[in-house]
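This report concerns only the one structure given below.
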Amino acid sequence: MQYSQKVLDHFMHPRNVGKMDNPDATATEGSPACGDQVTVFLKVNEQDMTIEDISFLSYGCASNIATASIVTDLAKGKTLDEAKQITWRDAMEALDGLPPVKVHCSVLAADTLQTAISNYEIAHGLKEVPNFSKETIVEELKKIIYPKVGEDIVSLKMVKYVGLNDGEVLIDLNIMSFDQWRDNIAEEIREHLEKYPEVKDIQINFP
């Protein structure tokens, strides 16, 4: 697997790594059981809402460590509003790209940063806890990367239908039985949605 020099540099010499004492906010996304997990710690200046300090802990591959390192580097010193604009594509570009099967690592790192910021804002009364809705599901599906091409399944029009009824989630996917990534996609969807207490059951249908 071919990695850029920047990926190797951030893997071998990760920035901002380590657990933070008394952080203002934290977030953990992913699962060691599924292979990757990231925790982000924030220290925020309440006067100007800048991220004074940020660190991370990660469990996973070289790409997982490198993307968490670059995302925390990109966020440090920025205001919360500026940091909220950081996407997985920004992380990819800053690392001079990732192999398609590793793009999901940049999604995980950026997602964890955004969750940490959201947790800070909720805890400090800057935003309300968002309602879980069909739009929430679609936003989570936009974070699911099809490993063959390194693009999300919504942009690739692999999602045919999304339904939500009393905690029952129904998702129809246009992924054929012979596709080697089909089970991985379904497993990742469940991982993204099961963290929501509002979700009682997830049904994923294929052609």
Query raised in the report: Taking into account only those residues within region 108-137 that are of a type in the set (Val, Ile, Thr) and in contact (Cβ under 8 Å) with a residue 40 or more places away in the chain, which is surrounded by the fewest Cβ atoms within 10 Å (Cβ to Cβ)?
Result: Thr136
**Report entry** Pick from region 84-106, criterion at negative phi and either acidic (Asp, Glu) or touching a strand residue (DSSP E or B) at 6+ places or on another chain (Cβ under 6 Å) (or both), ranking: surrounded by the most Cβ atoms within 10 Å (Cβ to Cβ)
**Finding:** His104
Report task. Quick one: in region 145-159, of everything that is at pLDDT 95 or above and in a loop (DSSP other than H, G, I, E, B), which residue is surrounded by the most Cβ atoms within 10 Å (Cβ to Cβ)? Result -> Ile153
Requested in this report: Among residues belonging to region 1-14 that are at pLDDT 95 or above and assigned to a loop (DSSP other than H, G, I, E, B), point out the one that is surrounded by the most Cβ atoms within 10 Å (Cβ to Cβ).
Outcome: Pro14
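Let's see how each residue does on (1) out of contact with any Leu (no Cβ under 9 Å at 6 or more places or on another chain); (2) surrounded by fewer than 18 Cβ atoms within 10 Å (Cβ to Cβ); (3) assigned to a helix (DSSP H, G or I); (4) at pLDDT 95 or above:
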position	(1), (2), (3), (4)
Asn22	yes, yes, no, yes
Ala27	no, no, no, yes
Gly30	no, no, no, no
Leu42	no, no, no, yes
Leu57	yes, yes, no, yes
Ala68	no, no, yes, yes
Val71	no, no, yes, yes
Requested in this report: Check whether at least one residue in region 170-189 is farther than 21 Å from Leu108 by Cβ, outside any loop (DSSP other than H, G, I, E, B) and not aromatic (Phe, Trp, Tyr), and report yes or no.
Outcome: yes
Query raised in the report: Could you list, in sequence order, the residues of region 65-103 that are of a type outside the set (A, V, I, L, M) and touching a His at 6+ places or on another chain (Cβ under 9 Å)?
Result: Thr67, Ser69, Asp73, Trp88
Query raised in the report: Which one is farthest from Ile137 (Cα to Cα) among residues in region 162-194 that are within 20 Å of the chain's Cα centre (by Cα) and without any contact (Cβ under 8 Å) to a residue 12 or more places away in the chain?
Result: Asp183
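The values are calculated or read from the model by the stated rules, or taken from the named source; none is laboratory data. Every value quoted in this text rests on a predicted model; they were computed, and no experiment measured them. Positions of Cβ are generated from backbone atoms using ideal geometry, with glycine treated the same way; all protein chains shown enter the neighbour counts.
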